[in-house]
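Quick notes on the structure that follows.
Quick note: the coordinates plus some simple rules give every number you see, no bench work behind them. Note that the coordinates shown come from a computational prediction; the quantities given were computed from them, not determined experimentally. Quick reminder, even Gly has a Cβ in these numbers, built from the backbone with ideal geometry, and neighbours come from all protein chains shown.
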Amino acid sequence: MSRLLAVTADHAAIARLEASYRAHQAQRRARSVLFFAALVVAVLLSAWMGEVDLVRFGTNFHKLPNYLASIMPQLRLGSLGADLAEWYWGFGRWFRLLMETILIAYVGTVLGFIGAIMLCFSASANLVRQRWVIAVSRRLLEIQRTVPEIVYALIFVIAFGLGPLPGVLALAIHTTGALGKLFAEVNENIDLRPVEGAYAAGGSWIQTMRYAVLPQVASNYASYALLRFEINVRGASVLGFVGAGGIGQELLTTIRQFYYADISAILLMIIVTVMLVDIGTERLRHYLLALETRP
Amino acid sequence: MSGRTLRQVALAGAGLIEQRHAAVFSPPLSQRLLGPAIAAGLLAVLVFGLYYTGFTASRLWNGLDKLGFIVQFMVPPDPGKHLWTYLHALGETVAIALLGTLVGAVLALPLAFLAAKNIVPNWIFHFTWRRGLDTVRGVDILIWALIWINVVGLGPFAGILAIAVSDMATFGKMFSEAIEAADKRPVEGVTAAGGGPMHTIRFGVLPEIFPVMISQVLYYFESNTRSATIIGIVGAGGIGLHLADTIRLNEWQNVSFLIILVLVTVMAIDRLSTRLRFALIGKRQAPS
């Protein structure tokens, strides 16, 4: 008798559990359906705003492989050397422009790195007491990184004249914003015990920063700066579109004037450069991050 | 002991400590020179770069002077008669970013599985596939936009396709890394229960990498909004066309209005994507 009671009690408990599980699932499902409905509405609205035209896409898609095929160089096995020479007839000029691109990226990254170091400490909540200082620094960094570097470049070209200088300045400002935010996050995650130790041993504020903070953040800073350098090389390759130096100007001209083989020649040079920089910086970053984890 | 301060006691033992930890107190010369040598090299390139890119005091001074005037002309921000045109262009920009990101993510999914070492364990295929993705990624969005304009004509559709192609490669690489880092045990479980390769992917791998993917897609939505604001410079739709035009025509009040519009939109989308990430995967996980 008592066993029977226990079993019915169990049944009731299980039924209650099942009911609440079902209710929970239904709630989750309702939320998912709502989310997907919102997503579908957003996509349809965007397709309408973005003038998506699948018919035109379908009828014109063959132009893409045609275009890619037409920019390919004519390379025949019989006269490979001569064909290559013809394809890369402007190698010296393009190589110089490519070096200029890398230099723009490098100087922009270093200047931005310095700017980020100057601003990141005042944007770290654990290093500054005054709330308004943190808020002002953070807004400043946000404005610097939210406006794309090409927009800065457009304005600086008017102010400083054509050439690599406005490109460098545009990259530097954008880099300051992007790195400053990351550095501030690194600062906020440091171990405060070495700081207290250095302070307790009688260190001044500068000595504390040098011997307690810097060793903890230096490799992270360098790693982020290398990552930014790679992004900036990519960015500098199109700064020339608005007249701010580098290989972009040349590329835009070849695309607009339909110098087909030149397009692929320059694109290939850019792709190889970006890949090499990507691989090189990644090696360095792994080396630096390994240094940090060493006891 | 009396008469000796703590400092004197410490200093008396200093020699012994230096002997015991020679590597710390007097490292070999090559190691000591490495840091300064790297710093000197970096500095030399910087100085050459500054010289080469035309950093002269007079040019900087003149430029800053002109920039000061430009900033003066910028206040107060004013859209003039073009408010609706600008808002429509802004809508186009957001549409380009949203559709470009979504299409890119959807296309990237199959590519990522093919690029993952643990799904297709053939290193030649893996290597070529990855380099292929890198090649697509190495071409900037603006260049893709120029290429797509040749195919579908001027307008935002070309911008959507440019962002989609570029993102497809970026996501393809990121997703495949997530797949490779995924835990093996659920996959083995599905296989042990008799599941085929598609079952393994659907029930073993996807649940594990889904949060990582969502978080990356949302992060890129914000970053793509920024790209979509400049894609109009080459004629691929969005607010960039107006930005470039007003700057060229020296209509600085319109320029500052447009910049503020971009700032507010990107910040709003940043907040939105952070909140969505939080709601969908429940923790503030930084995309890696």
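Sorting A:Ile104, B:Ile281 from the fewest to the most surrounding beta carbons within 10 angstrom yields B:Ile281, A:Ile104. Peptide A:150-162 has a mean shielding of 6, counted as Cβ atoms of other protein chains within 10 Å of each residue's Cβ.
Each Cα pair under 8 Å and six or more residues apart adds its sequence gap; the mean of these over the residue count of chain B is a relative contact order of 23 percent. Among B:Val103, A:Val55, A:Val128, A:Val242, a tally of other beta-carbon atoms within 10 Å of each Cβ gives an order, fewest to most, of A:Val55, A:Val128, B:Val103, A:Val242.
When A:His24, B:His199 are sorted by how many other C-beta atoms sit within 10 angstrom of their C-beta, beginning with the fewest, the order is A:His24, B:His199. Projecting the Cα atoms of A:Ala9, A:Trp94, A:Ala30 onto the dipole axis of the range A:1-112, where Lys and Arg carry +1 and Asp and Glu carry -1 at the beta carbon, places A:Ala9 farthest toward the positive end. Considering only B:Ser227, B:Val75, B:Leu50, the residue lying farthest towards the positive end of the dipole of chain B is B:Leu50, judged by Cα position with unit charges set on Cβ.
Percent relative contact order of the range B:187-288, based on C-alpha pairs within less than 8 angstrom and at least six residues apart?
Averaging sequence separation for qualifying contacts and normalising by length gives 27 percent for the range B:187-288.
The P(r) of the protein assembly as shown has a tail past 42 Å containing 33 percent of all C-alpha pairs.
Neighbouring Cβ atoms from other chains, within 10 Å of the Cβ of residues in A:88-100, number 0 on average. Projecting the Cα positions of B:Gly104, B:Val205, B:Ala268 onto the charge dipole of the range B:83-281 (unit charges on Cβ atoms of Lys, Arg, Asp and Glu, taken about the Cα centre) puts B:Val205 furthest along the positive direction.
Within chain A, helices built from complete DSSP H runs that reach 30 Å or longer along their own axis (Cα positions) and carry a mean Kyte-Doolittle hydropathy of -1.0 or higher are A:2-49, A:91-120, A:164-188, A:214-239, A:260-293.
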